[in-house]
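The structure appears below as structure tokens.
Coordinate-derived values only; no laboratory data. Worth saying up front: this structure is predicted, and the values here are computed from it rather than measured. Every residue, glycine as well, gets a Cβ built from its backbone with ideal geometry; the counts of neighbours run over all protein chains shown.
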Amino acid sequence: MKWTAEDDRRLRELHAQGMKYAAIGRRMNRTANQVGDRCQHLGLTRVTRELAAKRKAVAAVLLAQGMTHRAVAERLGVGRTRVTQISQELGLPKRRSVG
């Protein structure tokens, strides 16, 4: 499937949110490899420290609002394990993922 200008716009938007290639691919009905190749073609880099810090800050806010680890992971396009790690790094209480 050929990439359109709208696809590129959406890819840039999702990439800027710090989402992983696989998560972007699921949202755009493409493989992680296709997303990675297109990101490289567009000059987009992998997750930088700045993006990782932004994702961590957003996760902290969402967790403080009472969202489950699963919901935060889905929202940020990362694994639930990463959200659990962020939660532990921030010293937040352990919480079951129920929804």
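Neighbour counting of Cβ atoms within 10 Å sorts the residues K56, K94, K20, K2, fewest neighbours leading, into K2, K94, K56, K20. Among complete DSSP H helices in the chain, those whose alpha-carbon atoms stretch at least 20 Å along the helix's long axis and whose mean Kyte-Doolittle hydropathy reaches -1.0 are 49-64. Report summary: the helix-based calculation at 222 nm, which adds -39500 (n - 2.57) for every DSSP H run with n ≥ 4 and divides by the residues of the chain, gives -20000 deg cm²/dmol.
Straight-line reach from K54: taking Cα to Cα under 19 Å and skipping same-chain neighbours fewer than 8 places apart, the lysines in range are K20. Taking a quarter of the surface of the Cα convex hull of region 49-89 gives a mean projected area of 2.5 nm². Result for the chain in a Gaussian network model with C-alpha springs under 10 Å: among H69, H15, H41, the largest mean-square fluctuation is at H41. In angstrom, the C-alpha Rg and Dmax of the chain are 14.5, 46. Net charge in the neighbourhood of T31 (other residues with Cβ under 13 Å of its Cβ; Lys, Arg +1, Asp, Glu -1) is +4. Sorted ascending by nearby beta carbons within 10 Å, beginning with the fewest, L51, L11, L63 become L51, L63, L11.
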